[in-house]
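Report on one structure; see the data block that follows.
The values are calculated or read from the model by the stated rules, or taken from the named source; none is laboratory data. A quick note: this is a predicted structure, and the numbers were derived from the prediction, not measured. Here Cβ is always computed from backbone atoms with ideal geometry, including for glycine, and neighbour counts include all displayed protein chains. Remember, those area values only see protein heavy atoms, side chains included, never the ligands or the DNA or RNA. Shrake-Rupley method; radii C 1.70, N 1.55, O 1.52, S 1.80 Å.
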There are 2 protein chains.
Amino acid sequence: MGEKSFLGTDFVAQIGIIVKDIDKTAQAFADFFGVDVPPIKWTDEYDKAQTHYKGNPVESRAKLAFFKMENIQIELIEPDENPSTWREFLEDHGEGGVHHIAFIVNGMKQIVASMENENMPLVQKGGEYDGGRYAYMDSFGQLKVILELLEND
Amino acid sequence: MGEKSFLGTDFVAQIGIIVKDIDKTAQAFADFFGVDVPPIKWTDEYDKAQTHYKGNPVESRAKLAFFKMENIQIELIEPDENPSTWREFLEDHGEGGVHHIAFIVNGMKQIVASMENENMPLVQKGGEYDGGRYAYMDSFGQLKVILELLEND
């Protein structure tokens, strides 16, 4: 990692994959890697999640499943029908493919500001799940993949 | 990792991203992570690479750049115009997005056979670069991402 890194880290914590049928894909992952199917859970409702997409509060939710690999987490995401970065990706690119790679950061506000200054706008944010929050940054134009910033208290 | 894992590993060695202009995207990654632009190199010609796509020898090549992150390698891939798994992904999904995740395996032949037996066919293979070889397995239907197997002597 260079001193001029925007994120202060180059540890890729997570790969997020958009799917249409999370039960089916989670079962396929479990079978393939010889592990149990992890819990499949809805993201929180708006009251708790405070999800904002392109600056507006949204009811959008997704079902999530997490597979713990040796060096990284694979997140399966099945979006609901409401507008979100997940739904938009599904509509633009079809099922499958990696929606984002995630980094755990400190000082998220400053990083969001510095990325927005470089034309990588905040596209969706939410929290406060278990004292943490996330921000998806639209770095697709530059880096050809969306980055997710994760910050925990 | 479970005992019944197909791969014998759950270490994700690499994330491969398809791009249209590798010079531009490699520069953007270098700027973002505060590192030097790595060498950008063409894959070998057929005589050396012995590239096969869907069972047939092909002249297809790609320009590659590798970024070493703390826990994983990010590979940028700019395919040429010839038919390949890279080109097909670009045409099906557009630029950007993750084409594959890669695992370093032992006993590639047996793993390829066991995956083909589960309807995850070998889609492209090549080698022998520096005593190594690769196989892209079409696990997209099941896992919503292509897997690459890497084997080194």
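Which FRET efficiency, nearest 0.05, do residue A:27 and residue A:70 yield, Cβ-Cβ r, R0 25 Å?
Working from the Cβ atoms, E equals 0.75.
Arranged from highest to lowest average of other beta-carbon atoms within 10 Å per residue, in what order do the peptides A:70-83, B:132-145 appear?
Top of the packing list down: B:132-145, A:70-83.
Measure off 7 Å from each Cα along the Cα-to-Cβ vector at residue A:81 and residue A:150, then give the distance between these two points in nanometres to one decimal.
Here the answer is 3.1 nm between the modelled labels.
May I ask for the Rg/Rh ratio of the protein assembly as shown, computed from Cα atoms with Rh as the Kirkwood radius, given to two decimals?
We get a ratio of 0.96 for the protein assembly as shown.
Using the Cβ atoms and a cut-off under 11 Å, what net charge is assigned to the surroundings of residue A:140, where Lys and Arg are +1 and Asp and Glu are -1?
On the way: positive: A:144; negative: A:88, A:92, A:138, B:95.
Every neighbour counted, the sum reads -3.
What average number of partner chain Cβ atoms lie no more than 10 Å from the Cβ of the residues making up A:21-29?
Taking all residues of A:21-29 together, the mean is 2.
Across the residues of A:11-19, average count of Cβ atoms on other protein chains within 10 Å?
The mean count of partner-chain Cβ atoms within 10 Å per residue comes to 3.
Rounded to the nearest percent, how much of the accessible area of chain B (1.4 Å probe, protein heavy atoms only) is carbon and sulfur?
Carbon with sulfur: 47 percent of the solvent-accessible area.
Specify which residue in the list A:90, A:145, A:132 is farthest towards the positive end of the charge dipole of chain A, using unit charges on the beta carbon of Lys, Arg (+1) and Asp, Glu (-1), about the Cα centre.
My answer, from the dipole projection, is A:145.
Compute the Cα gyration tensor for the range B:1-52, then decide on rounded, prolate or oblate, letting a ≥ b ≥ c be the square roots of its eigenvalues: rounded whenever a/c is under 1.5, prolate when a/b is larger than b/c in the other cases, and oblate in all that remain. Mind dumping the intermediate values first?
Values: a/c = 3.10, a/b = 1.35, b/c = 2.30.
Oblate is the answer for the range B:1-52, as a/c is 1.5 or above yet b/c matches or exceeds a/b.
Restricting to DSSP loop positions (anything but H, G, I, E, B) with no more than 13 other Cβ atoms inside 10 Å of their own Cβ, which trypsin sites (Lys or Arg not before Pro) remain in the range B:1-105?
Here the trypsin sites (Lys or Arg not before Pro) that fit, given the DSSP loop and packing criteria, are B:4, B:20.
Please say if chain B is rounded, prolate or oblate, where rounded means a/c under 1.5 for a ≥ b ≥ c the square roots of the C-alpha gyration tensor eigenvalues, and otherwise the choice is prolate for a/b larger than b/c and oblate otherwise? Please list the in-between numbers first.
Details: a/c = 1.58, a/b = 1.30, b/c = 1.22.
Prolate is the answer for chain B, as a/c is 1.5 or above and a/b outweighs b/c.
Calculate the FRET efficiency for residue A:130 and residue A:4 from the Cβ-Cβ distance with a Förster distance of 25 Å, rounded to the nearest 0.05. Kindly include the intermediate steps, with their values, before the conclusion.
Numbers: r = 32 Å, r/R0 = 1.28.
The calculated FRET efficiency here is 0.20.
Could you give the size of the charge dipole of the range B:24-153 about its Cα centre, using +1 on the Cβ of each K and R and -1 on the Cβ of each D and E, expressed in debye and rounded to the nearest 20?
Value, rounded to 20: 140 debye.
Determine the relative contact order of the range A:27-153: mean sequence separation of Cα pairs under 8 Å and six or more apart, normalised by residue count, in whole percent. The partial results should precede the final answer.
Values: 214 pairs, mean separation 27.1, N = 127.
Once divided by the residue count of the range A:27-153, the mean separation gives 21 percent.
Take residue A:11, project a point 7 Å from its Cα along the Cβ direction, then tell me which residues of the range B:45-81 have their backbone nitrogen under 13 Å from it.
It comes to B:70-72, nothing else.
How large, in Å, is the range A:31-97 by the Kirkwood hydrodynamic radius built from its alpha-carbon pairs? Intermediate values should be presented prior to the final figure.
Numbers: mean 1/r = 0.0745 Å⁻¹.
By the Kirkwood definition, the hydrodynamic radius is 13.4 Å.
For the pairs A:24/B:125; B:48/B:68; A:20/A:68; A:20/A:109; A:109/B:144; A:63/A:109, flag any whose C-alpha to C-alpha distance is greater than 23 Å.
Table pairs above 23 Å Cα-Cα are A:24/B:125; B:48/B:68; A:20/A:109; A:109/B:144; A:63/A:109.
With Cβ to Cβ distances under 11 Å as the rule, what net charge do the other residues near residue A:25 carry (K, R +1; D, E -1)?
Every neighbour counted, the sum reads -1.
Taking Cα centroids, how far is the range B:78-109 from the range A:60-112 in Å?
Going from one Cα centre to the other spans 21 Å.
Of B:126, B:55, B:16, which has the largest mean-square fluctuation in a 10 Å C-alpha GNM of chain B?
B:55
How about the range A:66-91: which of its residues lose at least 40 Å² of accessible area in the presence of all protein chains relative to their chain isolated, using a 1.4 Å probe?
Buried-area filter returns A:70, A:71.
If amide H atoms are built 1.01 Å from N in the plane of the peptide, which residues on other chains or at least 5 residues away come under 5 Å of the amide H of residue B:122?
Here the answer is B:138, since their amide H atoms fall under 5 Å of that of residue B:122.
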